[in-house]
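Undergrad: Sending over a structure as structure tokens; questions will come in a sec.
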Amino acid sequence: MAQPPFQLPFLRPQAVFGLLLSLLLLLTPARAVQAALGSWELAPMPPANTRMQAVHTVLLPNGKVLVVNGSSFRTQYLSPDATTGEAGRFVESIDLGHPGWTDNSGLWDPATGQLKRIKSPLPLLFDPTVGQAGAMTANDLFCSGHLQLSDGNVLFAGGTGSYYAGGAFTGSKWLNLYDWKRNQWRSVGRMAGGRWYPSLIELASGRVAIVGGLDFNEPNQINKTIEIFDPGSGAIQMIDLTTIDGSPFNSKLQGDDVFDTIDLYPRIFPLADGRFLLTGDEAGIDGVLVPHRSTNTYLMTIDEGEDGQASVSFTAGPERQETNRAYGTAVQLPGREDVLLLGGIVGSNSISFGREGVIDSKRFPGVSVSRTLQHWHPGADGGNWESTADFLPTPRANLQAVILPTSQLLVLNGGVFPEYQPRLDPLLLNPDDTAPGGYRLEPQPEATLPRLYHNGALLLPDARVLSIGGNANRATHTDAGVRVDVLGDPETFFRFPAFRTADGQEEPFSEDRYYEDPQRYFADDNKEPFVPAEIWRGEIFSPPYLQGESLRPRITQAPQQLSYGQAFELGVSTPSGRPASGAVLVKLGSVTHSFDFGQRLAPLKREGPAADERLTLRAPDNAHLYPPGYYMLFCLDAAGIPSVARMVQLSTAI
């Protein structure tokens, strides 16, 4: 399979610095490469007719990136009516039948940096189960859950059924499939209930469990079932969790008469013994009646059964040292079962907290954004949690954590508040038993563009990291097109503010000028630079290991398919003269709302010493911990420099 070429940075000041640093590193010992700084490059600005927000972002087996948004939660601006004298006003929700307003899907190509639009699924589908005669119901992919199946196709579950004034939502029941080989969408049925903000987890069999989200009928009501989707037959099985002993819906909080819950986009991770860890963290919204003081975790088992009918059971996990978080990130450590939770909102699940820097203590009593690292360690009786306070240099919400081929973690994006005061600085987390929390933080150069709510970050096959999307607010459909120069307003819902430059000069907002200088505009008397409602340009981070990219190892021969536990040979070339040290498999990412449903790193066991230009390796043997599907196969040399990846399909059916 052809691999996208490695892209050199565009020649802006940060990139020039990176190139000079790369030349310097060529003259320094290999060990210095690991201590270097990474560098950023901006992807080309998309043409006006292809620009769209990146809410849901998935890496495909062909190396391209699927970007999906649906309605994007925009508003409408109704222009003043000279006949009636009615003033212009903002209206919540949009018309799903309006041409183009929900047709927001595209493919981003790492080789060119360009986004090309593709046709989206129909936003309305006929559901014969609604009412006596059936009805058209929403098939809006905004805020759906998604996961790549074992054949590389991407399953999208649910999305927005409807939203009402004040941000009250219902979930869609529809299942949609993106076929990556044909570049086509198709509907694959509907679930028993709605799912808005669900989590999808792949089982060892290749079936998918769909958990959490808001239900179909009434606004802001959590779906209390699990549904199991079989990609082969299209069958869906629904299990009511309120009937299961020990489930969160049957577990009262300690010292209280309130039941726990499985909130929206729950953070769920597979364990080697076949169970799943439910951490308690999530990505909820304001107005959903859930407790924000739970310290419970749960261990869930999904027994698929020989007859194909699944059953679910729960046992209590270890109590966390801190309460649950919203819009923090969560990641399972490379080659391990351990889980890390970073940042997030404490005491609320509202992205409105701290908007425009205003902390409303009456609406958000005791609410804050966390700097904490929480680490779940596996072990007897469900393991244990360890908490490291003030781990992050500043509070951070809507952040992402990307697993690198080196087993380092890159933490990036987000802000001090969910939609305000963006953090442009990535942090490289290096395992270090002597450091607080077991990780040494290496600050990296700042990005150019802010990425707040609805941002995404993915590892690419060339070992760079794509950073994309970001909402500081809600964009608005107008007669002239989509406008991103909006601010929230307690009296008028939204408004178009007046803008000035840093020297106080009034200047109308221009998208082109903003992308030339993201620090250019200030709205009203705000001290922070204005961030548009949507960020339409991608940015790519090259980690420190790529600053000597001309000396990278290369994979010369690799299988296209692997079975579990299979021994295989990997052909390698090492221009640097440093020997190849090993290889890893990294599952393709599928990210939304500060959580990657897909990413996972499996180290490949070496079988005997390395031969000339050849490694003998063994594939992982645990299909629960490393589910079937496409992985990026990276070779690393003795200095920890990764190759460009080859795509490999891991399967039980080879």
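The values are calculated or read from the model by the stated rules, or taken from the named source; none is laboratory data. If you're wondering where the values come from, they're calculated on a predicted model, not measured in any experiment. Glycine also receives a Cβ, built like all others from the backbone with ideal geometry; neighbour counts cover every protein chain displayed. Just the protein is used for accessible areas: all its heavy atoms, side chains included, with ligands, DNA and RNA removed. Shrake-Rupley method; radii C 1.70, N 1.55, O 1.52, S 1.80 Å.
Undergrad: Among the strands (runs of 3 or more DSSP E) contained in segment 297-341, which hold 1 or more residues that are buried (at least 22 other Cβ atoms within 10 Å of the Cβ) and within 24 Å of the chain's Cα centre (by Cα)?
TA: The qualifying strands (runs of 3 or more DSSP E) are 298-303, 329-332.
Undergrad: Taking segment 135-147, which residues are in a strand (DSSP E or B), closer than 18 Å to Asn69 by Cβ and not acidic (Asp, Glu)?
TA: Within segment 135-147, Ala138, Gly145, His146, Leu147 meet the criteria.
Undergrad: Moving on to the next point. Please work out if Ile201 is closer than 18 Å to Phe276 by Cβ, crowded, with 18+ Cβ neighbours inside 10 Å and either touching a Phe, Trp or Tyr at 6+ places or on another chain (Cβ under 7 Å) or modelled with pLDDT under 95 (or both).
TA: Against the criterion (closer than 18 Å to Phe276 by Cβ, crowded, with 18+ Cβ neighbours inside 10 Å and either touching a Phe, Trp or Tyr at 6+ places or on another chain (Cβ under 7 Å) or modelled with pLDDT under 95 (or both)), Ile201 qualifies.
Conditions tested, residue by residue: (1) in contact (Cβ under 8 Å) with a residue 40 or more places away in the chain; (2) of a type in the set (Gly, Ala, Ser); (3) surrounded by 13 or more Cβ atoms within 10 Å (Cβ to Cβ).
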residue	(1), (2), (3)
Phe229	yes, no, yes
Asp245	yes, no, no
Phe249	no, no, yes
Thr261	no, no, yes
Gly280	yes, yes, yes
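Undergrad: Please go through segment 124-148 and give me each residue that is over 18 Å from Asp179 (Cα atoms), surrounded by 14 or more Cβ atoms within 10 Å (Cβ to Cβ) and not acidic (Asp, Glu), ordered by number.
TA: Correct list: Leu124, Leu125, Val130, Met136, Thr137, Ala138, Phe142, Cys143.
Undergrad: Only residues that are closer than 14 Å to Pro46 by Cβ and out of contact with any helix residue (DSSP H, G or I) (no Cβ under 8 Å at 6 or more places or on another chain): list them for segment 115-141, please.
TA: The answer is Ile118, and nothing else.
Undergrad: On to the next question. State the number of residues belonging to segment 489-504 that are under 21 Å from Glu86 (Cα atoms) and in contact with a strand residue (DSSP E or B) (Cβ under 6 Å, 6 or more places away or on another chain).
TA: Count: 5.
Undergrad: Scan segment 377-420 for residues that are polar (S, T, N, Q), on the phi > 0 side of the Ramachandran plot and surrounded by 22 or more Cβ atoms within 10 Å (Cβ to Cβ) and jot them down.
TA: Matches in segment 377-420: Asn398, Asn413.
Undergrad: Can you name the strands (runs of 3 or more DSSP E) wholly within segment 151-193 that have at least 2 residues being open to solvent by 10 Å² or more (accessible area, probe 1.4 Å) and not hydroxyl-bearing (Ser, Thr, Tyr)?
TA: Qualifying strands (runs of 3 or more DSSP E): 168-179.
Undergrad: Kindly provide the set of residues from segment 137-171 that are modelled with pLDDT of 95 or more and among the hydrophobic types (A, V, I, L, M, F, W, C), ordered by number.
TA: Hits for segment 137-171 are Ala138, Leu141, Phe142, Cys143, Leu147, Leu149, Val154, Leu155, Phe156, Ala157.
Undergrad: For segment 413-456, give me every one of the strands (runs of 3 or more DSSP E) that falls completely inside it and has 1 or more residues that are small (Gly, Ala, Ser).
TA: Result: 415-417.
Undergrad: Pick from Asp360, Asp338: which is of a type outside the set (Val, Ile, Thr) and closer than 27 Å to Met300 by Cα?
TA: Asp338
Undergrad: Report, by residue number, each residue of segment 347-376 that is outside any loop (DSSP other than H, G, I, E, B) and either open to solvent by 30 Å² or more (accessible area, probe 1.4 Å) or farther than 30 Å from Arg440 by Cβ (or both).
TA: Arg355, Glu356, Gly357, Ser368 - these are the residues of segment 347-376 that are outside any loop (DSSP other than H, G, I, E, B) and either open to solvent by 30 Å² or more (accessible area, probe 1.4 Å) or farther than 30 Å from Arg440 by Cβ (or both).
Undergrad: Quick check on segment 243-255. Is at least one of its residues aliphatic (A, V, I, L, M) and modelled with pLDDT under 95?
TA: The answer is yes, given that some residue of segment 243-255 is aliphatic (A, V, I, L, M) and modelled with pLDDT under 95.
Undergrad: If you take the residues in segment 102-158 that are of a type in the set (Ser, Thr, Tyr) and touching a Pro at 6+ places or on another chain (Cβ under 9 Å), which one is nearest to Tyr631 (Cα to Cα)?
TA: Selected residue: Ser150.
Undergrad: Output the residues belonging to segment 468-486 that are under 22 Å from the mean Cα position of the chain (by Cα) and more than 19 Å from Arg355 (Cα to Cα).
TA: Ile468
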